[in-house]
1. List the number of the failed condition for Glu95; all other conditions in (1) part of a helix (DSSP H, G or I); (2) surrounded by fewer than 12 Cβ atoms within 10 Å (Cβ to Cβ); (3) in contact with a helix residue (DSSP H, G or I) (Cβ under 9 Å, 6 or more places away or on another chain) hold.
2. Checking the conditions here, which among Leu4, Leu66 is in contact with a strand residue (DSSP E or B) (Cβ under 7 Å, 6 or more places away or on another chain), under 26 Å from Gly96 (Cα atoms) and not charged (D, E, K, R)?
3. Mind checking which residues of the stretch 1-54 are free of Cβ contacts under 8 Å to residues at least 24 places away in the same chain, among the hydroxyl-bearing types (Ser, Thr, Tyr) and in a helix (DSSP H, G or I)?
4. Of (1) at pLDDT below 75; (2) part of a helix (DSSP H, G or I), Cys102 satisfies all except one. Which?
5. Looking at Asn52, Asn81 in this structure, which one is closer than 30 Å to Cys10 by Cβ and of a type in the set (S, T, N, Q)?
Amino acid sequence: MAELSNCPKCDALFVMNQFRNICQNCYNEEEKAYETVYQYIRKRENRTAMMNQVVEATGVEETLILKFIKTGRLKLAQFPNLGYPCEKCGTSIREGKICSSCAVSLRKELQNHETEEERKKDIEKRDKQGTYFVFDDKLK
């Protein structure tokens, strides 16, 4: 359901909905910026441009270009030198949220955690069983 909110960019009051979290004026500015970026990188000679070259040539902030990439408006398959930062280490990636080395690291940490949890459960289970042995010399 729609609710009143302040625009995070210009602080104007607007009705926020599930599709947009900025006011109409800021949305229109973003659309103009998108068109500027898209027209620039669409040219054959600019398709291999790096992020800093796109920012310099278009005057559009890098964060806004990253937003276009993350929302799927700019398809990275067509632009081989564009990417966005890994959410863990900041390395430039082209798909997902984290790079492959961070993914391997997280899997390893998760596996270590699971192993440790299993070890703790085994120790707890052994402690609960509590079998006692009595040695009696008379039984020999």
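1. Tallying (1) part of a helix (DSSP H, G or I); (2) surrounded by fewer than 12 Cβ atoms within 10 Å (Cβ to Cβ); (3) in contact with a helix residue (DSSP H, G or I) (Cβ under 9 Å, 6 or more places away or on another chain), Glu95 fails exactly one: (1).
2. Leu66
3. Correct list: Tyr27, Tyr40.
4. Of everything listed in (1) at pLDDT below 75; (2) part of a helix (DSSP H, G or I), Cys102 misses just condition (1).
5. Of Asn52, Asn81, the one residue that is closer than 30 Å to Cys10 by Cβ and of a type in the set (S, T, N, Q) is Asn52.
The values are calculated or read from the model by the stated rules, or taken from the named source; none is laboratory data. This structure is a prediction, so every number in the text was calculated from the model and none was measured. Counting neighbours? That spans all protein chains shown, and the Cβs are built from the backbone with ideal geometry, glycine included.
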